[in-house]
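Engineer: Have a look at this one.
What follows draws every value from the coordinates through simple rules; no lab data is involved. For clarity, every value in this text was computed on a predicted model and none was experimentally measured. Cβ: placed from backbone, ideal geometry, glycine included. Neighbour counts: every protein chain shown.
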Amino acid sequence: MPFINERLDANRESIEKDRAASGPVRVSRFRFEPDAVMSRLREQIVGQPEALTAMEAMLVRVKADIGEENRPLAVHLFLGPTGVGKTETVRLIAEAIAGNRDGVCRIDMNTLAQEHYAAALTGAPPGYVGSKEGHSLFDPDKVQGSFSKPGIVLFDEIEKASKEVVRILLNVLDTGRLVFPSGNREIDFRNTLIFMTSNAGALDAEAYHHRYQHGWRRWLGLRPGNGQVLRDSALRRHFDPEFLNRIDQILTFNNLTDNWLEALLDIELAGLNKRLARKQAELTLSPELRAELCHGYDSRYGAREMLRAFRQRLEPAVARALLAFPESRQFEADVHNKEVTVHQYVE
C-alpha cells in the first residue's frame, strides 16, 4: 500500500529530525510498553514461565527497534497441546498493543490443507478467475500495522497446512514480503510480529507420559523426560529444515497440571464477573463449589475444560438468579449433591 509506506517514511524522517535536534536521546517509534504487555500476559496465562520470559525478551527487542530491516520484527512458533494458552497469548498481545483482541490477523491453517488453497493467501495466478482482484485472507492493515504499532499475524495450527502453503511462507519469513502471482500487489511483513501455533508432537508427548505413569520407569523412581525429543521429531516430519531455520524461536507450552487449577478458576471467575458487571452484579463462589469445579479436571483439554464447567454448570444457575432477583447486586454460588445453586449474598 503506497500511501501507508509513504506515511511510514514521513514519520520516520520526522522522528530522526527530532532526535538530531534534541541530541542523543533514544526514543522508540513504538508506543507500547513491554512491562504493560507482560503484566496482562502474566495475569491471564498460567503455568508457562519459560514462554512468558521469551515473550518479554522479544517485546523489549522490538521496542528498542534494533532488528534487521528486511525481515519481520519477530517470528515465533508455539508448540504444545490444546488449551494451554498458545493462541490466547497472541490475542492478549494484540489486545495490549492494538487495543483489541481482534487486532491480530489470524489465518486458520486447517482451512488450507489442500495445495490449491494456496491462492487464498496470494490470490489467483494470472489467467485465472479473480487474478486481477488479488483477493487474499490477509488483512493488510492488521499485517502492516502502523509506524507506532507493529502488525500481528497468527498462523494457527500451522502443521495442518499443505506443503505448498508452507512454501509460500518461506519468503515472508525470510524477506518480510509477499508478492502476489499477478505481480501487481505486495504485502509488507517487515513491521510485523509473526506467530505460529502447532500441536505437532503433543499427542506423542502425552502418550509418552502416559506410558511413564503406568510403566516400570516410574516404579524404579526414574524421572520422565519432557517429551522435547518427540516434539523435535514431529517438527522434522511436518516441516522442512529451511522453514524451521527461518523461525527466531520455537517455544514449548507446558501441560496445565492440577497445581494451576485454582489460578485457572480465578481467571475464569474474573472473566465472568467482568461480564456480570455490565448487569451491575458480582458473583462469589463457596469453597465447596470451588473444590467441585476443580474436581475431575482433565488436563488433556487445558483451560477449555474449566471454561466448559463454567458454561455448563455455573452460568445457567447464574442466569436464573439474575432473572429471579433483578434488583440484587451480590450473588453467591454453592453446590449441594452436585447441583449448583446461586442465591443472593447475605452477610
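Engineer: In whole Å, what are the extents of segment 50-100 along the principal axes defined by its C-alpha atoms, from largest to smallest?
Structural biologist: Reported extents, whole Å, longest axis first: 34, 24, 19.
Engineer: Still on this structure, please answer the following. Debye sum, Cα scatterers, segment 258-344, no solvent: what log₁₀ I/I(0) at q = 0.17 1/Å?
Structural biologist: After summing over all Cα pairs, the log10 values are -0.66.
Engineer: A57 to N184: FRET efficiency via 1/(1 + (r/R0)^6), r the Cβ-Cβ distance, R0 41 Å, to the nearest 0.05?
Structural biologist: So, using R0 = 41 Å, E works out to roughly 0.60.
Engineer: Over all directions, what mean area does the Cα convex hull of segment 22-79 project, stated in square nanometres?
Structural biologist: Values: hull surface 21.0 nm².
Projected over every direction and averaged, the Cα hull of segment 22-79 covers 5.3 nm².
Engineer: Kindly write out, for segment 61-72 in residue order, the coupling ³J(HN,Hα) from the Karplus curve 6.51 cos²θ - 1.76 cosθ + 1.60 (θ = phi - 60°), rounded to whole Hz, with x marking Gly and Pro.
Structural biologist: Ordered by residue, 3J(HN,Hα) equals 5, 5, 4, 6, 6, 10, x, 5, 6, 10, 9, x Hz.
Engineer: Round to a whole angstrom and tell me the spacing of the C-alpha centers of segment 245-283 and segment 137-180.
Structural biologist: 27 Å
Engineer: Longer than 26 Å from Cα to Cα, which of K63/K163; K86/K149; K86/K279; K63/K274; K86/K163; K86/K274 are they? Say none if no pair is.
Structural biologist: K63/K163; K86/K279; K63/K274
Engineer: So if we plug the beta-carbon distance of D141 and Y117 into 1/(1 + (r/R0)^6) with R0 = 25 Å, what FRET efficiency do we get, rounded to 0.05? Spell out each step's value before the answer.
Structural biologist: Working: r = 23 Å, r/R0 = 0.92.
It comes to 0.60.
Engineer: Another question about this same structure. How far apart, in nm, are the 7 Å Cα→Cβ label points at T257 and E288?
Structural biologist: My value for the distance between the label points is 3.1 nm.
Engineer: Using the basic label-point model (7 angstrom from Cα toward the beta carbon), what is the A270 to R42 distance in nanometres?
Structural biologist: My value for the distance between the label points is 1.2 nm.
Engineer: On full extension of the chain, what length is gained from D102 through N245, given 0.36 nm per residue of separation minus the C-alpha to C-alpha distance?
Structural biologist: 48.6 nm
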